[in-house]
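Participant: Before I ask anything, here is the structure I am working with.
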Amino acid sequence: MEFKTNAIMLRAIDYKENDKILTLFTPTRGKVVTGIRGVKKPKAKLAFCAQPFAFCEYVLAEKNGRYTVTSAYLHDGFYGLRTDITRYYAACAALEICNALLMEEESAEGTFISCVETLKALSMTDDDCAEILLTFSLRALFEAGYPVNLDGCGICGSGVSETPYFDFELGTFTCSNCMQGERASRSTYELLRKCEGLEYDENKCLDGTKRALRLIKVYLSEKTEEDYPCFGEFLRLYE
Ligand SMILES: [Zn+2]
């Protein structure tokens, strides 16, 4: 049986002499693991679809519950990412997040669309790459059932103060009266509101970017028990 699907190539592992095992991100079935034959040979026709970030329509043949790529049509390779190491790592971090949060056989259309938009924005615009990655992280966390509450204190409902806290368990900021969680900064809160498309205080989100990245990275690790090496590398590179 064959099935045709759009997908983003998340991860490729070498297998045997010339083959690879790919983890694809599909909108309707979440992660799909598939083999691809002969793709390491010098003249392999399908080499393009085993590259990181490849956004293709894949045709997969199924036999005994295993998939093999039989053909692919490239929508976009996001080659612009290869010219800027910082943006490249931001894109790798986005794929890393997908790989950690997605399940097999579970549709994830919202995250899929958002992931394609994120790769486009990182490769084709000059928009701030940290904000692009944060916007995507918030969306993917929300879709996976780990939303970050950015609507004031998650305990008492009042606005967050100048020195808020963040409760990693609940995924919410808390105010200086409730003081639940770990110390966070107002700039982190404001910057995340900006990335979420909410009203924010421009003057108070200065210097919030790296803090917000750190907070989201820790939150991701706590929810998924995964390390995020590319996210870490991006944090190191981003100025
Ligand atoms: Zn409170």
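The values are calculated or read from the model by the stated rules, or taken from the named source; none is laboratory data. These numbers were taken from a predicted model, which means no experiment stands behind them. Virtual Cβ from ideal backbone geometry, glycine too; neighbours counted across all protein chains shown. Side chains included, ligands, DNA and RNA excluded: accessible areas come from the protein's heavy atoms. Shrake-Rupley method; radii C 1.70, N 1.55, O 1.52, S 1.80 Å.
Participant: Taking region 38-87 as the search range and keeping residues that are out of contact with any strand residue (DSSP E or B) (no Cβ under 6 Å at 6 or more places or on another chain) and in a strand (DSSP E or B), which one is least open to solvent (accessible area, probe 1.4 Å)?
Facilitator: Glu62
Participant: Follow-up question, since we're still on this one. Given the conditions (1) open to solvent by 20 Å² or more (accessible area, probe 1.4 Å); (2) under 25 Å from Gly30 (Cα atoms), which single one is not true for Leu134?
Facilitator: So Leu134 meets the others, but not (1).
Participant: If you don't mind, another one. Kindly indicate whether any position in region 184-193 is within 16 Å of the ligand (Cβ to nearest atom), within 24 Å of Ala93 (Cα to Cα), touching a helix residue (DSSP H, G or I) at 6+ places or on another chain (Cβ under 7 Å) and modelled with pLDDT of 95 or more. Steps first, please.
Facilitator: From region 184-193, those within 16 Å of the ligand (Cβ to nearest atom) are 184, 186, 189; that's our starting set.
Next, only the ones that are within 24 Å of Ala93 (Cα to Cα) stay: 184, 189.
Remaining after also requiring touching a helix residue (DSSP H, G or I) at 6+ places or on another chain (Cβ under 7 Å): 184.
From what's left, modelled with pLDDT of 95 or more: 184.
Yes, the conditions are met somewhere in region 184-193.
Participant: Is it true that some residue in region 187-207 is surrounded by 16 or more Cβ atoms within 10 Å (Cβ to Cβ), touching a Gly at 6+ places or on another chain (Cβ under 6 Å) and under 25 Å from Phe112 (Cα atoms)?
Facilitator: There is at least one residue in region 187-207 that is surrounded by 16 or more Cβ atoms within 10 Å (Cβ to Cβ), touching a Gly at 6+ places or on another chain (Cβ under 6 Å) and under 25 Å from Phe112 (Cα atoms).
Participant: Please enumerate the residues belonging to region 194-214 that are within 22 Å of the chain's Cα centre (by Cα) and modelled with pLDDT of 95 or more.
Facilitator: Keep residues of region 194-214 that are within 22 Å of the chain's Cα centre (by Cα), which gives 194-198, 208-214.
Correct list: Lys194, Cys195, Glu196, Gly197, Leu198, Thr209, Lys210, Arg211, Ala212, Leu213, Arg214.
Participant: Would you please name the residue that is nearest to Lys63 (Cα to Cα), looking only at residues in region 1-20 that are in a strand (DSSP E or B) and open to solvent by 50 Å² or more (accessible area, probe 1.4 Å)?
Facilitator: Of everything passing the filter in region 1-20, Glu2 is nearest to Lys63 (Cα to Cα).
Participant: In region 88-105, which residues are surrounded by 14 or more Cβ atoms within 10 Å (Cβ to Cβ) and in contact with a Lys or Arg (Cβ under 7 Å, 6 or more places away or on another chain)?
Facilitator: Here is the first cut: in region 88-105, the residues surrounded by 14 or more Cβ atoms within 10 Å (Cβ to Cβ) are 88-102.
Within region 88-105, Tyr88, Asn99, Leu102 meet the criteria.
Participant: Scan Glu105, Glu131, Glu162 and give me the residue that is over 16 Å from the mean Cα position of the chain (by Cα) and closer than 30 Å to Cys56 by Cα. Break it down stepwise before answering.
Facilitator: Values: Glu131 fails: over 16 Å from the mean Cα position of the chain (by Cα); Glu162 fails: closer than 30 Å to Cys56 by Cα.
Result: Glu105 is the single residue among Glu105, Glu131, Glu162 that is over 16 Å from the mean Cα position of the chain (by Cα) and closer than 30 Å to Cys56 by Cα.
Participant: Restricting attention to region 153-178, and to residues there that are more than 8 Å from the ligand (Cβ to nearest atom), assigned to a loop (DSSP other than H, G, I, E, B) and at pLDDT 95 or above, which single residue is farthest from Lys217 (Cα to Cα)?
Facilitator: Ranking the candidates gives Pro164 first.
Participant: Just to be sure, is Ala108 buried (at least 23 other Cβ atoms within 10 Å of the Cβ), free of Cβ contacts under 8 Å to residues at least 60 places away in the same chain and within 24 Å of Thr34 (Cβ to Cβ)?
Facilitator: For Ala108, the condition - buried (at least 23 other Cβ atoms within 10 Å of the Cβ), free of Cβ contacts under 8 Å to residues at least 60 places away in the same chain and within 24 Å of Thr34 (Cβ to Cβ) - is not met.
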